[in-house]
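Comments concern the structure below.
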Amino acid sequence: MTDTPSPGAPEQTEWLTTSGGVRLRETDKSLKAGERGPTLLQDHHLREKITHFDHERIPERVVHARGAGAHGTFTAYGTAETVTSAGFLAEGRETPVFVRFSTVLGSRGSADTVRDTRGFATKFYTAEGTFDLVGNNIPVFFIRDGIKFPDVIHAGKPHPDREIPQAQSAHDTFWDFVSLHTEAQHHTLWNMSDRGIARSYRMMEGFGVHTFRLVNAAGETSLAKFHWKPKLGVHGLLWEEAQMLGGFDPDFHRRDLADAIEAGAYPEWELGVQIFPDTPEQTYEGIDLLDPTKLVPEEIAPVQTIGRLVLDRNPDNFFAETEQVAFHVGNLVPGIDVTDDALLQARLFSYVDTQLTRLGGPNFNQIPVNRPHAPVNDMLRDGFHQHEVHRGVAPYHPNSLDGGCPFLAGDPQGAFLDNPVTVPETVKQRAQPASFDDHFSQPRLFWLSMTPVEKQHIVAAYAFELGKVHEPEIRERQLRCLAEIAPDLCGGVAAALGLEAPSPAGELADPEPSPALSMLGGTYPPDGRVVGIVVGPDSPAEEVDGLCAALRGSRMTPLLVAPTAAPLGGELEVGRTFATARSVEFDALVVADGAGTIASDPHVMLLVEEIFRHGKALLAWGDGVEVIATAGIAVPAPGVKAEESGSFVAAELPDLLGAHRSWERFALS
C-alpha cells in the first residue's frame, strides 16, 4: 500500500478492487457453469484482468529503450539572468525534475554496460511550463541532418535477417555506414573512447548537443550550448569490466543509480552554458555552431555554471514513470528557443510523432510523469486516453460563447515568443554549408587531447569492433578514415588487425589539444563508491565495524565479503560470500586483518588479481597483507597499501578513489 500517491493518482485502498474501484471477494477462480463447467463470458473480472495483462506492454522506444530514471530538484544560481529570461533560472529558484538515462541501440532487455552513446534527458517542471533538455553523454552526433537519422539507427541496430548483434556497434552494417558517411567519424571516435562505457550514470557528463538561442528580458539574444558537469567526475569502465558485468550484473547502471539514491549519496551535476554572440554567420572561432558533429573547446569558450541538479528520489513505479515519460525538444519556455540546426529541426517533429504510437494517442502529457506543473488550458479535445473533463462549449478561438476564454497572453503574462530571426532571401534546395565539409579536424582534436592510456583503450576498442566486421573492404575503408585522423591511431588499429596502415590523403589538421576532453586529471569525492571488505572467521568484528562506519561517514558503501553468509562476530552483516562476489561491483577492495587463513582461496585470489589488474585501490592491514602477497602483488605499489589498522584504511580511501583508478599502474603493465 502506498502512503503518498503520485500527484493526480487515485487514492489506493487496502482492498483488491476492479479498475473501477469495486472490491473483489475472489481473484483465483474464474466464474464457471459449475465447478467443472465452462467459463462464463459474463465473468467481467476475468475479462478485465486478462485483457489488461494482454496489453501490459507498450511499444518500446525505437532508440533509448533501455533506461533508468530518478526524480530530483534543480536550483538556479541566477548567473544566467543576463542571457535568458527563463524563470526557472532566476537566482534561488527550485524546480522539480525527472531525469532519464539510457543506452541508444539496445532493446529494453539488453545490458547496461555495452559500448554505446547514453541519453541524458531532463524534464524541468517549471512554473512557466515544461522544459525538456534532451541530450546525450557525448557533445556531438553522427549526423548533421535529421533526414539521416533512420539511416544511422538502421545501421547501428541488429542485422535485420538475424536480429543480431544486440546492443552493439561491433558489426558490418554500423561500420559500413560510418566509414562511408564520414561526418560520423567524430561521434564514433568518442564512442570508442572510455566515454562509450560509463562507470555510472552518476559519473557522466551530459550535453544538449545542439546550439540553442537564449533571449534575455531586454530581448537581446545569444547562442548557447548546454553542459551537465557531474560532481563525481567523468569515469568509464574498462572493457574487461564491461564484459564481466554483462554476465554478472547486466542491470549494473540502473542498480548503481537506485542504490546510490537509496543510500543518500545523491547524484549531483552542475548545469553550465557556453555562450556565443548571435551573429548572422552563427559561427565561433571558425566553428559552425549549427553543425552538431562539432564541439567548441572549453578552453576558447568556458562553461559557465548556472545551476545545480540533485537526484534524491527513486521512481515509485518503473513503468508509470521511467517507461512512460515522454520528452520533446520542442518543450521550450520563454527565454530559450531553437536554432536552424537541421538535426534539431527534424527532432522537433519526430518526438511528438513517436509518442503518438508509443503512448497510444495524443494525450500523453496527461500521464502523471509528463503532466506540467503549470496550469493548462490548451483547447485540445478527446482522443485516446483523454483524462480531463473539459468544461465550456467553445474549444476554439476566437469565441464568444465561453466569454472569449481562453485568452491569448502577451509579454506581461510571460507568453512564449518565437524569436523573430531574419531569414535571408534564398531558394528551396537540398544542400548544406561548405563549413560542414570538414569531417576530420575535430576527431583529430579529440585524439590529440587524450592521454596515453586513453589512446591505448581507443586503439583496443577499434581493434575489437573492426575485428567483428566480416567484410574486408569495410575494415580497410575504416582504416582509411582513421588515417585522416592520426597515423598512430590508424597504425595501432591496423597492426592489431594484421593489415597495412594506409597513409592520409592530404595534410592533417594541427588543432590545439583540449585538456577538457580527457577524462583523466581531476580528483573527485568518493560519494556512493562501493568498497568490498574481505574478512575471515578471525577478523576483528569491532575494528571492521569501525571501518564500515567511517566509510559510511565519507558517503561510501561498505560490503563485507566472507567465506559464508554468517554474520561476522555474530552481528555484522555479510553482503557477499566468496562464491557470489566479483571485483566489478567494487570501486576498491580492503583485506582485513584475520583474512590470512583464507589467503589461498581461489575466489579471494581472483578478487584481488582483478582489482589490481583494473587499477582499483587495494588496501590491507594485519595479516590481510599476506593475501595480497599470495596473489603475487608487491606492497606498496601505486594504489596498493599496507596500513596499520582499519582506521588508517578509512582515512586513505577517499584520496585513492579521487582519480577513480591508479592510472600509473597501467604504465607498469
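The values are calculated or read from the model by the stated rules, or taken from the named source; none is laboratory data. Just so it is clear, the structure is predicted and the values come from calculations on it, not from any experiment. Cβ atoms come from the backbone with ideal geometry, glycine included; neighbour counts cover every protein chain shown. These accessible areas exclude ligands, DNA and RNA; they are computed on the full protein's heavy atoms, side chains included. Shrake-Rupley method; radii C 1.70, N 1.55, O 1.52, S 1.80 Å.
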Exercise for the section: Write down the accessible area per residue of the chain in Å², having rolled a 1.4 Å probe over the full set of protein chains. Expected result: 47 Å²
Problem - 11 Å beta-carbon shell around I628, net charge (K/R +1, D/E -1) - result: -2
Handout entry: Mean shadow area of segment 536-669, taken as a quarter of the surface of its Cα convex hull (nm²)
Key = 7.1 nm²
Fill in the blank from the handout: For segment 587-657, the dipole about the Cα centre with charges only on Cβ (Lys and Arg +1, Asp and Glu -1), to the nearest 20 debye, works out at 200 debye
Exercise for the section: Take the eigenvalues of the Cα gyration tensor for segment 119-265, scale each by 5, and report the square roots as semi-axes in whole Å, largest first. Expected result: 29, 24, 14
Problem - Calculated log₁₀ intensity ratio I(q)/I(0) where the Debye formula runs over C-alpha points of segment 337-377, q = 0.18, 0.22, 0.23, 0.25 Å⁻¹ - result: -0.67, -0.83, -0.86, -0.89
Practice task
Can you pull the one-decimal nm distance between simple spin-label points at A415 and E500, each 7 Å off the Cα toward Cβ?
Solution key: 6.9 nm
Problem - Pairwise Cα inverse-distance average, inverted: Kirkwood Rh of segment 464-622 (Å) - result: 19.4 Å
Completion exercise
Packing-ranked peptide list from 144-150, 422-428, highest mean Cβ count within 10 angstrom first, is 144-150, 422-428
Fill in the blank from the handout: At q = 0.19, 0.22, 0.28 Å⁻¹, the log10 of I(q)/I(0) for segment 428-473 from a Debye sum over equal Cα scatterers comes to -0.79, -0.86, -0.98
Fill in the blank from the handout: FRET efficiency for A90 and N377 from the Cβ-Cβ distance with R0 = 25 Å, rounded to 0.05, comes out at 0.55
Exercise for the section: Go ahead and estimate [θ] at 222 nm for the chain from helices alone: -39,500 (n - 2.57) per DSSP H run with n ≥ 4, summed, over the residue count, rounded to 500. Expected result: -7500 deg cm²/dmol
Exercise for the section: Please compute the Cα-Cα pair-distance distribution of the chain with 20 Å bins starting at 0, giving whole percents from short to long. Expected result: 16, 45, 32, 7, 0
Completion exercise
Out of L497, V104, L214 - ranked by how far each Cα lies towards the positive end of the dipole of the chain, with unit charges on the beta-carbon of charged residues - the top one is V104
Exercise for the section: In debye, nearest 20, what is the charge dipole magnitude of the chain about its Cα centre with +1 on Lys and Arg Cβ and -1 on Asp and Glu Cβ, if you could check? Expected result: 1440 debye
Exercise for the section: Would you pull out the residues with amide H under 5 Å of L223's amide H, same chain only if 5 or more places away, H placed 1.01 Å from N? Expected result: L214, F276, D278
Handout entry: Gyration tensor verdict on segment 611-664 (Cα atoms; rounded if a/c is under 1.5, prolate if a/b is larger than b/c, oblate otherwise)
Key = oblate
Exercise for the section: Could you run the Karplus curve 6.51 cos²θ - 1.76 cosθ + 1.60 with θ = phi - 60° over segment 320-327 and give me ³J(HN,Hα) per residue in whole Hz, x for Gly and Pro? Expected result: 4, 10, 5, 7, 8, 4, 10, 9
Completion exercise
The percentage of the accessible area of segment 139-278 (probe 1.4 Å, all protein chains present) made up of carbon and sulfur atoms, to the nearest whole number, is 53 percent
Handout entry: Options V152, Y201, P526, ranked by Cα towards positive dipole end of the chain, top entry (Cβ charges)
Key = V152
Completion exercise
Under the Karplus relation with 6.51, -1.76 and 1.60 and θ = phi - 60°, whole-Hz ³J(HN,Hα) for segment 630-642, x at Gly and Pro, equal 4, 7, x, 9, 6, 10, x, 8, x, x, 10, 9, 9
Practice task
Compare the peptides 98-106, 555-563 by average per-residue count of other Cβ atoms within 10 angstrom and give them in order, highest first.
Solution key: 98-106, 555-563
Handout entry: Nonlocal amide H pairs with F120, under 5 Å, H built at 1.01 Å
Key = G135, N136, N137
Practice task
Calculate one ³J(HN,Hα) per residue across segment 265-273 by plugging θ = phi - 60° into the Karplus curve 6.51 cos²θ - 1.76 cosθ + 1.60, and present them in order as whole Hz with x for glycine and proline.
Solution key: 8, 5, x, 9, 9, 9, 8, x, 9
Problem - Net charge of Cβ neighbours under 12 Å - reference K468; Lys, Arg +1; Asp, Glu -1 - result: -1
Exercise for the section: Would you list, by chain and number, the aspartates and glutamates whose Cα falls below 17 Å from the Cα of K32, excluding same-chain residues fewer than 8 positions away? Expected result: D43, E48
Fill in the blank from the handout: Eigenvalues of the alpha-carbon gyration tensor of segment 23-114, times 5 and square-rooted, give semi-axes in Å, largest first, of 50, 21, 11
Exercise for the section: Set the Förster distance to 25 Å, then compute FRET efficiency between Q456 and E299 from the Cβ-Cβ distance, nearest 0.05. Expected result: 0.55
Completion exercise
Averaged over all viewing directions, the convex hull of the alpha carbons in segment 533-612 casts a projected area in nm² of 4.8 nm²
Practice task
Please list the helices of the chain that count as membrane-span-like by this rule: a mean Kyte-Doolittle hydropathy of at least -1.0 together with Cα atoms stretching 27 Å or more along the helix axis, each helix being a complete DSSP H run.
Solution key: none
Problem - Residues whose placed amide H lies under 5 Å from that of I533, excluding near-sequence neighbours - result: L559, L560, V561, V590
Completion exercise
Relative contact order of segment 474-591 (C-alpha contacts under 8 Å, at least 6 apart) in percent is 21 percent
Problem - Compactness of segment 249-371, expressed as Rg and Dmax over alpha-carbon positions, Å - result: 18.5, 51
Handout entry: Over segment 251-345, relative contact order from alpha-carbon pairs under 8 Å, at least 6 apart, %
Key = 33 percent
